[in-house]
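First the structure, in the form of structure tokens, and then the observations on it.
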Amino acid sequence: MTTPNECPSWKKLQNHYHEIKNLHMRDMFASDPDRFDKFFLSSQDIFLDYSKNRITPRTMELLMELVRETRLQEKIQAMFTGEKINSTENRSVLHVALRNPADKPVYVQGQDVMPEVHRVLDKMRGFVHQVRHGEWTGWTGKKVRHVVNIGIGGSDLGPKMVTKALSSFNNDGPEMHFVSNVDPAHLENTLKKIDAETTLFIIASKSFTTQETMFNARQARSWFLEHAKNENHIERHFVAVSTNTDRVRQFGINPDNMFEFWDWVGGRFSLWSAIGLPIALSTGMNSFEQLLQGAHDMDNHFRSAPIESNMPIILALLSIWYTNFFQAQTQAVLPYSQYLKDFPAYLQQGEMESNGKSSTLDGNFVNYATGPVIWGEPGTNGQHAFYQLLHQGTVMVPCDFIIFARQPEHNDRQHRLLMANYLAQTQALMTGKTEEEARQEMNAAGMPPDKINKLLAHKIFPGNRPSNSIMIPELTPRNLGKLIALYEHKIFVQGAVWNINSFDQWGVELGKQLARAIEPELDHDRPVTSHDSSTNGLINLWKKL
Ligand code: G6Q
């Protein structure tokens, strides 16, 4: 398989980088009035302006060559047709099947998985209807008012992010809570807000062996039994989402109350499966299905649009351009929407667990950079916190700005203010402020020359800082599905070009192994000497404290 830096286009991109690295976007805009139209895409009601990037038409041509030379189209086809592209775990990668219509077969080892996918969706639909309409009640006959999802990583971040994003669609649905951290404070503080009679616990774990989740689940069950005082009541209050029926049964949950998914669904891509049950309970099954439909719309776009107008491919190529040629190590995701508060954290897992890899698919070490650090916060909060560094710091951070054009239920004036900030920030990052402009501005404000000279350097903004602007007409389940799938496929394209496996996560294993070894050493009072001096020192300090 080809590594990207062996491709002819890579060398050309390196040369091209040296040719254009000193061009300023201000000048590029000034010399080309059509720049917006040249670098603007729309598909499925998602609008992407990528003109405020340090690119020329030649940059995009060369990046497209890279895509062709790394045989992206074949890799896309392999994913959609169920090939075992997660080679280190010997698994297919088929989250796309979870949002595929029932009558379009998707095969895994010769078997169409669509009937099973839709059987579970039907089961979810029935359950969601019962809970939301008060037909499924707690042991005292009361309607479910609280749902606590106990899960971690992929079994938490996706459903939590979407549930929050679509909270305005929760018409009289239950109040949702998410417990992930093994820190006892997380569960305890949640239990304070609920009452056992009206609470449904979802134990969400693909493996049903994850230490943190199992621990919290057992604690939740004990707490419940303290109130209900009868194991038979567990049936009305605990359901499971998992691939592991035996473990679910052993835990004491009736497999009839289990919603299955499959090993070809990766944890961080699982919100479209029964792991999305909290979303469906909160917003209703119709909204959940709209979310799936939106993701399917984006799947169709990704699979069929030519690379020049393929939005996930363009976003991925821009990210590669900055990571591998400008050596940018971080990228920010800045949603101008309070509803998308958890979107950066969700993408952090999506991108960093998928592409934070150092070995190629052929088992060699890479000699080029792979996945960047992803971080972010909603605008405008971020503006009053870390944007200083984005504008005047010494590192370049490419940014994705995301906004919904309309917020029908909200104050127009306030939304315009949000929009003005969204627009102003990308403009400021791009244009900056020259020495000349800074001087004139201070002059016009009547500042004395000695003060101007003192402040001048502080008032200059270098500009030329890249950003993508994503605009979506409004926040609906369907549009959110498109947005999430857009980033999923972007992650896929990056991994495919870097020739790494975006679908395993061996990097989380070592810490787990060591924690298993350390835990028993915390059980006794004797000093510990079996590790390096720092780890020993910290363990022994803890014992003393
Ligand atoms: C995601 C990862 C990881 C996983 C959690 C929870 O892609 O695999 O975040 O989702 O470790 O695993 P379980 O669902 O098996 O508890």
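The values are calculated or read from the model by the stated rules, or taken from the named source; none is laboratory data. Since the model is a prediction, treat every value here as computed from it, not as a measurement. Positions of Cβ are generated from backbone atoms using ideal geometry, with glycine treated the same way; all protein chains shown enter the neighbour counts. Calculation scope for accessible area: heavy atoms of the full protein, side chains included, ligands and nucleic acids excluded. Shrake-Rupley method; radii C 1.70, N 1.55, O 1.52, S 1.80 Å.
Structure values in brief
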read-out	value
Neighbours by Cβ (under 8 Å, 6+ apart or cross-chain): first from region 127-151, open to solvent by 20 Å² or more (accessible area, probe 1.4 Å) and acidic (Asp, Glu); second away from the ligand (no atom under 16 Å from the Cβ) and not in a strand (DSSP E or B)	Glu135/His129
Top-ranked residue of region 245-276 - restricted to ones that are farther than 18 Å from Val106 by Cα and among the charged types (D, E, K, R), ranked as surrounded by the most Cβ atoms within 10 Å (Cβ to Cβ)	Arg268
Helices (runs of 4 or more DSSP H) contained entirely in region 383-484, each with at least 2 residues that are at pLDDT below 95 and either more than 20 Å from Tyr322 (Cβ to Cβ) or open to solvent by 30 Å² or more (accessible area, probe 1.4 Å) (or both)	412-431
Residue list for region 325-335, filter: on the phi < 0 side of the Ramachandran plot and either among the hydrophobic types (A, V, I, L, M, F, W, C) or surrounded by fewer than 22 Cβ atoms within 10 Å (Cβ to Cβ) (or both)	Phe325, Phe326, Ala328, Gln329, Thr330, Ala332, Val333, Leu334
Close pairs from region 331-360: first part of a loop (DSSP other than H, G, I, E, B), partner open to solvent by 30 Å² or more (accessible area, probe 1.4 Å) and of a type in the set (Lys, Arg), Cβ under 7 Å, at least 6 apart	Lys341/Lys164; Asp342/Lys160; Asp342/Lys164
Residue list for region 12-60, restricted to those being free of Cβ contacts under 8 Å to residues at least 60 places away in the same chain, part of a loop (DSSP other than H, G, I, E, B) and within 16 Å of Leu315 (Cβ to Cβ)	Phe39, Ser51
Condition met for Ala369 (open to solvent by 40 Å² or more (accessible area, probe 1.4 Å) and in a loop (DSSP other than H, G, I, E, B))	yes
Counted residues, region 214-244 - those being within 14 Å of the ligand (Cβ to nearest atom) and open to solvent by less than 50 Å² (accessible area, probe 1.4 Å)	7
Close pairs (8 angstrom Cβ cut-off, 6 or more residues apart or separate chains): touching a residue at least 60 places away in the same chain (Cβ under 8 Å) and in a helix (DSSP H, G or I) in region 203-217, open to solvent by 40 Å² or more (accessible area, probe 1.4 Å) and near the ligand (Cβ under 7 Å from one of its atoms) anywhere	Glu212/Ile152; Thr213/Ile152
Unmet criterion (only one of (1) of a type outside the set (D, E, K, R); (2) away from the ligand (no atom under 16 Å from the Cβ); (3) modelled with pLDDT of 95 or more) for Phe201	(2)
Conditions (1) in contact (Cβ under 8 Å) with a residue 24 or more places away in the chain; (2) more than 16 Å from the ligand (Cβ to nearest atom); (3) open to solvent by 10 Å² or more (accessible area, probe 1.4 Å); number of the one not met by Val493	(3)
Breaking point among (1) free of Cβ contacts under 8 Å to residues at least 40 places away in the same chain; (2) more than 16 Å from the ligand (Cβ to nearest atom); (3) in a loop (DSSP other than H, G, I, E, B); (4) not acidic (Asp, Glu), for Asn171	(1)
Given (1) open to solvent by 10 Å² or more (accessible area, probe 1.4 Å); (2) touching a His at 6+ places or on another chain (Cβ under 6 Å); (3) within 16 Å of the ligand (Cβ to nearest atom), index of the condition Ala102 fails	(3)
Top-ranked residue of region 516-529 - restricted to ones that are open to solvent by less than 80 Å² (accessible area, probe 1.4 Å) and either in a loop (DSSP other than H, G, I, E, B) or in contact (Cβ under 8 Å) with a residue 12 or more places away in the chain (or both), ranked as nearest to the ligand (Cβ to nearest atom)	Ile518
Per-region count, region 132-164, residues touching a Lys or Arg at 6+ places or on another chain (Cβ under 8 Å) and either assigned to a helix (DSSP H, G or I) or more than 16 Å from the ligand (Cβ to nearest atom) (or both)	12
Filter result (open to solvent by 20 Å² or more (accessible area, probe 1.4 Å) and in a loop (DSSP other than H, G, I, E, B)) within region 105-126	Pro105, Gln109, Gly110
